[in-house]
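Worksheet: the structure to be examined is printed underneath.
The values are calculated or read from the model by the stated rules, or taken from the named source; none is laboratory data. Keep in mind the model is a prediction, meaning the values are calculated, not measured. Every residue, glycine among them, receives a Cβ derived from its backbone with ideal geometry; neighbour counts consider all protein chains shown. Only protein heavy atoms, including side chains, enter the accessible area calculation; ligands, DNA and RNA are left aside. Shrake-Rupley method; radii C 1.70, N 1.55, O 1.52, S 1.80 Å.
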Amino acid sequence: PTMAHSKALLVLENFIGGKFVPCSSYIDSYNPSTGDVYCRVPDSGKEEVEAAVKAAKDAFPIWSSKSPLERSQILNKLADLIEHDLEAFAQAESKDQGKTITFARTVDIPRAVHNFRFFASSILHHVTECTEMPTMGCVHYTSRAPVGVAGLISPWNLPLYLLTWKIAPAIACGNTVVAKPSEMTSVTAWMMCKLLEKAGVPPGVVNVVFGTGAKAGEALVCHPDVPLISFTGSTLTAQRITEKSAPHCKRLSLELGGKNPAIIFDDADLSQCIPTTVRSSFANQGEICLCTSRIFVQRGIYSEFLKSFVAEAKKWKTGNPSDPTIDVGALISKEHLEKVRNYVKRAQAEGARVLCGEGVDPLALPPVNQKGYFMLPTVIAEVKDESCCMQEEIFGPVTCVVAFDTEEEVIKRANGVKYGLAATVWSGNVGRVHRVAHRLQSGLVWTNCWLVRDLNLPFGGMKASGIGREGAKDSYEFFTEVKTITIKH
């Protein structure tokens with residue numbers, strides 16, 4: 001690009017040891033709603049990761065020796081600063097990721113603020129265990145200490161939300177961090193770095209290195225001085241992380257994909273179920289690991305459900321993410337849009353029916369968005385369970401609706417994928433709700449609702465959906481090392 005061209009672009013820098021550091025090479029980042037390059041992101045590698053890990057190691061003794069209360073106050077201050085700039089963060093997240101401004105304002109940024117406040121509070125309330133052995137004249141107790149430098153790798157779908165869900169517990173527990181956001185959505189992480197000093201975060205406690213998984217991510221995972229890796233992303237990348245970190249015996253927390261079922265029984269309250277299931281299928285363009293992509297409907301209400309569901313899906317407006325009346329923004333990239341479209345094509349080739357959306361309804365976009373990566377909410381019916389559309393994570397605004405007859409049958413079918421992250425069950429029968437919830441192979445089961453989260457409780461998946469859990473107690477256990485101490489008196 002010419003000098004004039006590069007001047008207009010936003011250029012990010014790595015944040016290492018409390019300072020912004022330029023990088024020798026950069027990657028283009030696109031605005032998904034226009035298809036234009038709008039930002040240059042550092043293409044970091046071994047050297048930059050080395051500097052960041054060194055800064056984090058140097059900062060560890062002082063940070064880890066602060067009291068939980070001192071760290072708590074700093075986290076709260078950071079939360080206040082992000083909240084103060086909420087609108088600027090929301091605008092940046094929407095532009096960078098393609099999500100609607102409404103979603104960024106009401107979900108992403110408020111949740112990022114809440115992550116800091118939540119862990120600022122929870123760190124003050126952990127208790128350790130103690131047992132007595134009077135016959136031996138001994139008392140035993142446990143103590144927990146921060147581990148060291150945590151490597152945090154976060155994805156592009158909920159950029160600041162998922163980055164802060166890792167940073168907050170890691171530093172609350174007294175660790176220092178080297179974070180690597182997705183190279184496709186790095187802007188809000190960079191904006192957050194500008195607030196760290198003002199919040200009172202000492203230099204080196206939070207380091208952010210921008211770049212690709214293949215270069216920056218790999219260097220971080222392979223670094224011998226990074227004992228912890230928390231990763232959110234694809235199962236494929238997680239396999240590579242597991243292999244690369246095995247020689248170092250690293251501790252891993254992996255939150256991976258989902259192929260989440262919704263099971264709708266004939267006694268479900270459809271007035272609640274339909275709007276919620278449309279939201280659970282298409283929120284954030286279907287780019288949430290918890291989105292519903294397989295909808296099992298009991299045969300008695302199948303045709304009624306399908307009709308209402310498609311009608312409701314068609315009401316969702318797709319268009320310019322900065323328009324507050326829009327429900328569906330742009331997908332993250334040209335490649336990702338192509339991948340999602342291919343799933344729809346494959347479903348059609350297999351004989352499934354596309355009832356609305358991709359290739360069925362016209363997509364009218366404003367002139368500025370003609371080259372953006374947009375797709376209408378798409379509903380597919382009559383898909384076979386073994387179809388790739390029912391087995392693989394699509395991660396776009398696409399959902400499949402199929403009929404079932406019995407409870408026994410639907411549990412087996414719902415469990416018949418390699419993933420096990422989240423599931424939703426809709427029924428007015430409380431006994432059935434408990435029975436089905438217990439038998440689903442899923443880390444999270446929502447009944448008669450979706451995505452209602454209490455951060456106190458464990459979050460994570462079974463099977464190919466990941467390893468480990470995160471939440472108040474779970475994150476504390478992951479980000480600390482426990483020691484058992486025996487005193488003879």
Residue pairs qualifying under the 7 Å Cβ cut-off, at least six apart or on distinct chains, with the first in segment 266-288 being under 17 Å from Ser427 (Cα atoms) and the second being of a type outside the set (A, V, I, L, M, F, W, C) and crowded, with 22+ Cβ neighbours inside 10 Å, are Asp267/Ser427; Ala268/Ser427; Thr277/Thr292; Ser280/Thr292; Ser280/Thr424
Within segment 433-475, the residues that are open to solvent by less than 60 Å² (accessible area, probe 1.4 Å) and more than 25 Å from Gly233 (Cβ to Cβ) are Val433, Val436, Ala437, Thr447, Cys449
Requested in this report: Say whether the condition of being at negative phi, open to solvent by 50 Å² or more (accessible area, probe 1.4 Å) and in a strand (DSSP E or B) is met by at least one residue in segment 181-196.
Outcome: no
ask   = Just wondering, is there one or more residues in segment 479-489 that are assigned by the TED database to the domain that holds Phe119 and in a helix (DSSP H, G or I)?
value = no
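Let's see how each residue does on (1) out of contact with any Pro (no Cβ under 6 Å at 6 or more places or on another chain); (2) assigned by the TED database to the domain that holds Ala90; (3) surrounded by 14 or more Cβ atoms within 10 Å (Cβ to Cβ); (4) within 13 Å of Lys95 (Cα to Cα):
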position	(1), (2), (3), (4)
Ala311	yes, no, no, no
Trp316	no, no, yes, no
Ser333	yes, no, yes, yes
Leu337	yes, no, yes, no
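Filter segment 310-339 for residues that are assigned to a helix (DSSP H, G or I) and either under 24 Å from Val107 (Cα atoms) or in contact with a His (Cβ under 8 Å, 6 or more places away or on another chain) (or both) and give the result. Step through it out loud before you land on a result.
Of all residues in segment 310-339, those assigned to a helix (DSSP H, G or I) come to 310-314, 334-339.
Residues satisfying the conditions are Glu312, Ala313, Lys314, His336, Leu337.
Condition check ((1) assigned by the TED database to the domain that holds Lys46; (2) among the charged types (D, E, K, R); (3) under 22 Å from Glu470 (Cβ atoms)) across all residues:
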residue: Thr212; (1), (2), (3): yes, no, no
residue: Ala216; (1), (2), (3): yes, no, no
residue: Leu220; (1), (2), (3): yes, no, yes
residue: Glu243; (1), (2), (3): yes, yes, no
residue: Lys250; (1), (2), (3): yes, yes, yes
| request: With the condition kept exactly as written, say whether any residue in segment 263-270 is within 21 Å of Val445 (Cβ to Cβ) and crowded, with 24+ Cβ neighbours inside 10 Å. | output: yes
